[in-house]
Structure formats: C-alpha cells, structure tokens
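The structure under discussion appears below in the form of structure tokens.
The values are calculated or read from the model by the stated rules, or taken from the named source; none is laboratory data. As the structure is a computational prediction, the values presented were derived from the model and not from experiment. Note that each Cβ is placed from the backbone with ideal geometry, even for glycine, and that neighbours are counted across all protein chains shown. For accessibility, only protein heavy atoms count, side chains too; no ligands or nucleic acids. Shrake-Rupley method; radii C 1.70, N 1.55, O 1.52, S 1.80 Å.
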Amino acid sequence: MQTSPSMQFGQPILLDDQGIYYTVNRKTGGINNVFQLVYEDDNWYLYQLKNTSKDGDMGWVILADQGDYALMSVSTGTVRELFDRPEFAEPKGAWQLMRNARYGFGKFTPLASADVTRYAMILFSGDEMLVPLLIEKAEDELLQSLATLAR
C-alpha cells in the first residue's frame, strides 16, 4: 500500500477511540454484534456483549485466548505485511493495529481528510489475519448506555 510520508503510520489509536462499537446486518439494518474498547490500568482490552445466561441476561465478555487479555501494538512492518493486499488498496490510507493472540482492533486513517476514519475487529489464527470485520463507533445515547453494563 503506497502512502505519503505524513500518512505512513496513520493516526494512532487514542483514548478518544475507546467506547462502544457495533456491526450492522447489511440485509436488515439491525445491529449484529456490540463491542467495547476499553483502556484501563495502562492496557487496552476488547469486550463483546453476549448472552450470559438462559434468562437472556447480557454482559461484557473479554475477547482473549488463554489468558492473553491485553491488546498490544503491532509494528508498522507487520501492519504493512497484513494489509498489503489488493482488497486493501482503496481507499488509500494507513492502518494502526492492536492485538492479543486471537483478537485485534484496527483503526484506518484515510489519506483524503474528507473521508471517514474506519475501525475493525479482527480475528487472528496464529500470525494469519482473517477478514477484518468493519465496526462503527456508537454515537447514539442508547448504545453508549450499554457501557454501564457490568463487565
């Protein structure tokens, strides 16, 4: 992926990026999955809202594999390798990525400042990145209120 020198690293993932994210079902327009990006105790964590019992109770479940909870920054070289594919050629821009052994959170900063910053939840199988799942940051008060659910 070719980027200008000023966009080589894109915008970093910042405290302003923490919050509630969701996926939208393209057919129904409904919300499929809800995620929460949290910064606490000097670490980033990714949670997913899931059913926790047969009674339909919902709660935040940390996305981790075998105790590997915190998301760690991925090097620029690794990000380049992961996203240097034809399907990521357009729009032009740069990715930032944090991950643990199985899950990742990505932020795409477009080269054109008029374009929207995008986010993704990414599954990994070892060092192989599976297809990123585009997620939207919740601005709606109802979705933001999900943050008050106990983790």
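Some notes on this structure:
- The chain - mean residue ellipticity at 222 nm from DSSP helices (-39,500 (n - 2.57) per run, n ≥ 4, rounded to 500): -2000 deg cm²/dmol
- Contact order for segment 16-115, expressed relative to its length and based on alpha carbon pairs under 8 Å spaced 6+ residues apart, stands at 17 percent.
- Cβ-based net charge around residue 137, under 11 Å, with every Lys or Arg adding one and every Asp or Glu removing one: -3
- FRET efficiency, residue 140 to residue 61 (Cβ-Cβ, R0 25 Å, nearest 0.05): 0.70
- Per residue accessible area of the chain, 1.4 Å probe, in Å²: 60 Å²
- Cα-based shape type of segment 64-149, given that a ≥ b ≥ c are square roots of the gyration tensor eigenvalues and the cut on a/c is 1.5: oblate
- Segment 67-109 and segment 22-64 have their alpha-carbon centroids 20 Å apart.
- For segment 52-151, applying the loop criterion from DSSP together with a ceiling of 15 other beta carbons within 10 Å to the GluC sites (Glu not before Pro) yields 139.
- Of the solvent-accessible surface of segment 11-151, computed with a 1.4 Å probe over protein heavy atoms with every protein chain present, carbon and sulfur atoms account for 48 percent.
- Low-density loop cleavage sites - trypsin sites (Lys or Arg not before Pro) in segment 15-64, where at most 15 other Cβ are within 10 Å (DSSP): 26, 27, 54
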